[in-house]
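Below is one structure, written out as structure tokens; the observations come after it.
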Amino acid sequence: MKKPHQANDNVAPLYPHSSRVHFPVLHFAFCIFTFPFARTTPLLAFLIVTGVFKIAATAEPPGPLFPFVLPWNDASPGVTNVSGWLEAPAGTHGPLKVKDGKIFAGEKRFRIFGVNLCFAANFPTHDESRQIAARMGKFGINCVRFHHMDMLPAPDGIWEADRRTLSPGQLDRLDFLIAELKKNGIYADLNLHVSRTYPDLPTWQGMPGFFKGVDNFYPQMIEMQRAYARDLLTHTNRYTQTRYVDEPAIALIEVNNENALLHEWWSGELDGMPELYAGELASQWNGWLSKKYRDFAELKRAWGASESPLGREQLTNGDFARGAERWTLEQHEGAEATLRPERSAGRASLRVKIAKTGRENWHVQMGQAGLTLKKDQPYTLRFRAKADAPRHLSVVASQAHEPWQPLWSAGAELTTDWQTFQFTFLPGDGDDRGRIVFSNLAGQTGSVWLSEVSLRPGGVMGLRPGEIAGHVQIFRKRDFGSRTAEAQRDWIRFLWETETEYWGGMARFLKHDLKTKALLVGTQMGWSPYPIQAEFDVIDSHSYWQHPHFPGRQWDMENWTVNNVPMTGDGSGGTLPHLGLSRVAGKPFICTEYNHAAPNTYVAETFPLIAAYAAMQDWDGVFAFAYCHRRDDWNARRISGFFDIDQHPTKMATLPASVAMFVRGDFHAPEPMSMAAPSLAELIDQVRRSGPSLGADRFGVERRLALQRPVGVVVPGTTPRRAAAGDRWATEFVWHPAEQKGLVTVDTPRSKGIVGAMAAGATVALRGVSITAGPTRQSWATLLITAIDADDLKSPGRVLVTACGYAENTAMGWKNADKTTVGSDWGRAPSLVEGITAEITLPAPAARLRAWALDERGQRAAELNVSDRAGKSVLAIGPEHKTLWYEVECRD
């Protein structure tokens, strides 16, 4: 699993990462381990009061948890069944189209609320498919993303044993599921390359998973991608009698998941490519140079313009002649280590001995502060290092003060032998109070030795000795800083254009050769520069809150943590601004992977937050990652792992209300958008400095704006629309109203609610509705009020009240009081939830209303009293009803 390189988890300030945001990631390893195994103007009428409608703070404490299992195959009618919002069959109006930068089904705007199926879950039996499709429809799911089909042979993947031939049996199951989804009004998103390791091609130690990046330029791999696409998409589904290239219920086809040459090169994972791949890239690189420059002399002049020799030493006591003087050892949150001078191989060295690991890898780190680091000034860092066992060492230049922003980072693979490491780098920004840090030390016990550490300005050249026409080396990331800025720009532009050719070639193949009618997605924002991806029909991104962290071995299912904090507690918006700032003006925008990882006990916030935010931003699609990864285990009746939502009670229970907010278009997007419009040259230089993640905040759009109005970036050459004073800001979605830190409010005519911190007795007044909280386990709740079949909450029709909070499995094996891990002990069925206590005041008179607590199928179980207060209705809910759902019926 991988994080983007602008989010550095190996060096950190002296405070816990209680609200750390984890961005796009891969999930294949988790699945393998589990086979079969996430301005505002003040809100009108917003009040926090302590008197009116107050539930006393001395009320009874929250009741005990109770079982609440949503049956895996239930599609029974009722107020929680919103399948009527789906037009069946999917594709009734022909393939989806893009008009004015939005997705349309015929002449009607079409928003996607989808889920992912992964690995064996893509291939249920026919009987399971019927029930799965009907249940998805009940919850308003209108698209399924078929993910990780290509990793394994049957029964967990689509291949025969040779991993070249499609399995007829698996194709039959896939066909039947897609046909059943189509009947229920549910579209499909077919992913092409996700996790296939191309057969019969050499691998190497430290390579990126599934040849990522390499398959953007290596011809044989590109041909294998096209062969798979041809075999899959030109295949005729025997149950719909339609080829997938012609099937109107195929909404999207994605070319290559979380995969781009620039990203993998920037991560350093292509540095160790064997000659087979490095030679191919070098050939393309030298061909590119020969086209740009008339002769080698011109290239030499261009690249030599800013060569810089090494300057004076910047570190004090870098040779450790005075022991550990000026060097600092940091230990955080229980991690334990010592620092002591030693002689090794005749040299002075410092030994860092880690006696106890930390919750995060950066909880032990050693460094020197007091450094001035200048933007665009090259620096050369050189040191010798070894360890008592192989391990990864992170080397970071960063701020030595809040917000402790990394300015540059790299990795060094240590062995038991002394090695010399040298990096020449350009800080991403300047700082007069900088530091050099050796980090990633708390992931495993043992010792690391450092010697002869040196930091000097300069060390940059254009051409290296021995480079001649036609034989210029490829630029490895670890050496990138040693090249002049002119040479660096050429290299980045070469990678950019190589990517452009790959993505464009795949799009032409799919559209013109195979003649597919589905909308095309390339890869996700943060991997490939957005102007390249803007050549596709739809822009995509991924994001997660509190992704699992593995302080030792990656995907060690005994040794992991998920920070147990709510995203609503993050004043900066958690994952949401990052997503918003990635949007590209004039293109449909979707997020095909989103989740808050279990066992976080606040995850009832997950889909209401992303749905409301996506609606406010006027996006086109949101997908939960994932519905299911499991094989032959659809009736688990418990929370089954970090990501699967199909058996998670609060994540599933909040879906109807979340779908209503987003798919129905319950929000009015503020206008106009606040957009960044960098030039191509600015984009190239930004990639050169800090990688291919090019959000609008890199070019002047303030992050806070992403919580208040639509934001994004503009493709070079397009005129941006900029916000002006007096423009409309978000009032229907408010992140942390001034009166209540940690709370998010939703306030539209058809959808209202609160998500976040609510102390017992506190009241939130929305337009026509007020909510007074009772005691809850975490002083926190998600409470949503949704008009199901009326235009508002006082017109005749049904209203769904969703009230969720804490959830866990029976006998959940919590390992600590913070509830950040259960190791491999996820407990047993059934899943348990808390009942939320609250008083809800609704605008219609009590005489017009009846209300019921609902069972796990959404059926009426017990009628509730509705009382009158000053001409309005008051509904009291609580744990005694043992439910997460209530129905209110408003009559004429």
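The values are calculated or read from the model by the stated rules, or taken from the named source; none is laboratory data. Please read all numbers here as calculations on a predicted model, not as lab measurements. Reconstructed Cβ throughout: ideal geometry from the backbone, glycine too, with neighbour counts over all protein chains shown. Note: areas computed on protein heavy atoms with side chains; ligands, DNA, RNA excluded. Shrake-Rupley method; radii C 1.70, N 1.55, O 1.52, S 1.80 Å.
Take the Cα of LYS356, step 7 Å toward its Cβ, do the same at THR415, and the gap between the two points is 3.4 nm. Taking label positions 7 Å along the Cα-Cβ direction at both SER679 and ALA161, the computed distance is 6.1 nm, reported to one decimal. A protection proxy built from the mean count of other Cβ atoms within 10 Å ranks the segments 239-248, 108-117, most packed first, as 108-117, 239-248. Between LYS108 and GLN220, what FRET efficiency comes out of the Förster formula 1/(1 + (r/R0)^6) with R0 = 51 Å and r the beta carbon distance, rounded to 0.05? Taking R0 as 51 Å, the efficiency between GLN220 and LYS108 is 0.70.
Within the same chain, lysines fewer than 8 places from LYS386 are excluded, and of the rest, those with a Cα less than 24 Å from its Cα are LYS353, LYS356, LYS477.
Filter the trypsin sites (Lys or Arg not before Pro) in the range 264-317 to those in DSSP coil with at most 10 other Cβ atoms within 10 Å of their Cβ, and list the result.
Numbers: sites: LYS291, LYS292, ARG294, LYS300, ARG301, ARG312; in loops: ARG294, ARG312.
Qualifying residues, ordered by number: ARG294, ARG312.
If you wrap the Cα atoms of the range 406-448 in a convex hull and average its projected area over all directions, you get 4.1 nm².
When ligands, DNA and RNA are left out and all protein chains stay put, how many square angstrom of accessible area per residue does the chain have with a 1.4 Å probe? Numbers along the way, then the final one.
Values: 30480 Å² over 892 residues.
I get 34 Å² per residue for this part.
Dividing the summed -39500 (n - 2.57) terms of all DSSP H runs of n ≥ 4 by the residue count of the chain sets its mean residue ellipticity at 222 nm at -5000 deg cm²/dmol. Fully extending the segment from GLU402 to SER76 would add 112.0 nm, taking 0.36 nm per residue of separation and subtracting the current Cα-Cα distance. Under 19 Å of direct C-alpha separation, and excluding same-chain neighbours fewer than eight residues apart, LYS97 reaches these lysines: LYS108, LYS182, LYS511, LYS515, LYS517, LYS587. Once the Cα-Cα distance is subtracted from the 0.36 nm per residue extended length, the ASP172 to GLU342 segment shows a gain of 54.6 nm.
Rolling a 1.4 Å probe across all protein chains gives THR338 an accessible area of roughly 80 Å². Once the convex hull of all Cα atoms in the range 161-239 is built, its volume per residue stands at 109 Å³. Residues HIS363, HIS392, sorted by accessible area with the largest first, give HIS392, HIS363 [1.4 Å probe; ligands and nucleic acids excluded]. Report the FRET efficiency, 1/(1 + (r/R0)^6), for ALA870 and ARG704, where r is their Cβ-Cβ distance and R0 is 51 Å, rounded to 0.05. For ALA870 and ARG704, the calculated efficiency is 0.85.
Any chance you could list the semi-axes, whole Å, largest first, of the equivalent ellipsoid that the Cα gyration tensor gives for the range 660-803, using √(5λ)?
Square roots of five times the eigenvalues give 37, 19, 13 Å.
Per atom type, the chain shows carbon and sulfur on 49% of its accessible surface, probed at 1.4 Å.
Remark: spin-label model distance ASP432-ASN317 equals 2.6 nm, labels positioned 7 Å along the Cα→Cβ axis.
For the range 482-494, the Karplus equation 6.51 cos²θ - 1.76 cosθ + 1.60, evaluated at θ = phi - 60°, returns couplings of 7, 9, 5, 4, 5, 5, 4, 4, 4, 4, 5, 5, 4 Hz by residue, with Gly and Pro reported as x. At an R0 of 30 angstrom, the distance between the Cβ atoms of ASP632 and LYS97 translates into a FRET efficiency of 0.20.
With both bridge residues required to lie in the chain, what share of the DSSP beta bridges run antiparallel, to the nearest 5%? Show your work: numbers first, answer last.
Details: 126 of 166 bridges.
Counting DSSP beta bridges with both partners in the chain, the antiparallel share is about 75 percent.
Report the extension gain between HIS512 and ALA297 in nm, rounded to one decimal, defined as 0.36 nm multiplied by the number of residues separating them, less their alpha carbon distance. Don't skip to the end; give the middle numbers.
Details: separation 215, 0.36 × 215 = 77.40 nm, distance 4.19 nm.
Contour length minus Cα-Cα distance gives 73.2 nm.
Here LYS815 sits with roughly 120 square angstrom of accessible surface, probe radius 1.4 Å. The accessible area of ASP432, taken with all protein chains in place and a 1.4 Å probe, comes to roughly 120 Å².
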